[in-house]
Amino acid sequence: MPTYEKCSTHEDGEGLLKIARTLLNAVPEHQLIERHKVKVDYLFAFADTDEDGQPINNALNKNGIRALGLCRKIGLKDRAKGMGDVEILIDHDHWKTIPEAEQRALLDHEMTHIQVCVNQRDEPKLDAIGRPKIKIRKHDVEVGWFASVAQRHGAASIEQIQAKQILDKAGQYFWPELVAPNGTQVSRGKIADKK
């Protein structure tokens, strides 16, 4: 069974906590976390290993699929015991292998799940023990695709229908291969002039 360690006590945790502080100050939507004194517990998750130190499972899973990070709201009872308001888990095996730019993006992703509930005066709503109420923001896009179905059914498959909807709505944000090597953006199969 995977194990966990608070980032504040792990040798790699200082780097994660530094990135978190930077994001809390630099990203406007994350500034609400700091302003409303939301307590975030950051933890590393570690996969089990065999005798040779090789992972034998995933450190984190969501719906049976490997996750590189997870964010969850901590229950009232545990908050009353002194835990944070939110917990962010990071797969340490992955974290230690990626460059800092990817670390920032992963942590930013998990922090974006944190939504502080506020009233009309932009003051935090409080729970029964006086802590800020939190909602976990869902992803803008959730997909579950099978390449074989897309290949068999083409434009009639939900895979291709959803891919087209995502491309139409968000463009190249989710499709980095749509940017040509010379910096021009490929739009729906055609190269467009970069503006």
Scanning region 1-26 for residues that are at pLDDT 95 or above and β-branched (Val, Ile, Thr), the one nearest to residue 125 (Cα to Cα) turns out to be 22
Return yes when residue 40 is surrounded by 17 or more Cβ atoms within 10 Å (Cβ to Cβ), among the aliphatic types (A, V, I, L, M) and in contact (Cβ under 8 Å) with a residue 60 or more places away in the chain and no when it is not.
yes
Residue 46 meets each of (1) closer than 13 Å to residue 20 by Cβ; (2) among the aromatic types (Phe, Trp, Tyr); (3) in contact with a His (Cβ under 9 Å, 6 or more places away or on another chain) with one exception, condition (1)
Evaluation of residue 122 against (1) without any contact (Cβ under 8 Å) to a residue 24 or more places away in the chain; (2) in a helix (DSSP H, G or I); (3) within 17 Å of residue 32 (Cβ to Cβ) (one fails), failing number:
(2)
Given (1) β-branched (Val, Ile, Thr); (2) farther than 25 Å from residue 139 by Cα; (3) surrounded by 12 or more Cβ atoms within 10 Å (Cβ to Cβ), residue 56 misses just (3)
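Identify, from the list 16, 70, the residue that is surrounded by 13 or more Cβ atoms within 10 Å (Cβ to Cβ) and within 13 Å of the chain's Cα centre (by Cα). Before you say what the answer is, go through the steps one by one.
Working: 16 fails: within 13 Å of the chain's Cα centre (by Cα).
When all the criteria are applied, what remains is 70.
Could you please give the count of residues in region 93-109 that are within 28 Å of residue 53 (Cα to Cα), touching a residue at least 40 places away in the same chain (Cβ under 8 Å) and surrounded by 11 or more Cβ atoms within 10 Å (Cβ to Cβ)?
In the first step, residues of region 93-109 are kept if they are within 28 Å of residue 53 (Cα to Cα); the result is 93-107.
Okay, now just the ones that are also touching a residue at least 40 places away in the same chain (Cβ under 8 Å), so 93, 95-96, 100, 103-104, 107.
Restricting the remaining residues to those that are surrounded by 11 or more Cβ atoms within 10 Å (Cβ to Cβ) gives 93, 95-96, 103-104, 107.
Total satisfying the criteria: 6.
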Restricting to region 154-186, and then to whatever is modelled with pLDDT under 65 and not in a helix (DSSP H, G or I), can you tell me which residue is farthest from residue 140 (Cα to Cα)?
182
Can you confirm whether residue 141 is surrounded by 12 or more Cβ atoms within 10 Å (Cβ to Cβ) and either in a loop (DSSP other than H, G, I, E, B) or basic (Lys, Arg) (or both)?
yes
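The values are calculated or read from the model by the stated rules, or taken from the named source; none is laboratory data. Note that the coordinates shown come from a computational prediction; the quantities given were computed from them, not determined experimentally. Methodologically, a virtual Cβ is constructed for each residue, glycine included, from the backbone with ideal geometry; neighbour enumeration extends over all protein chains shown.
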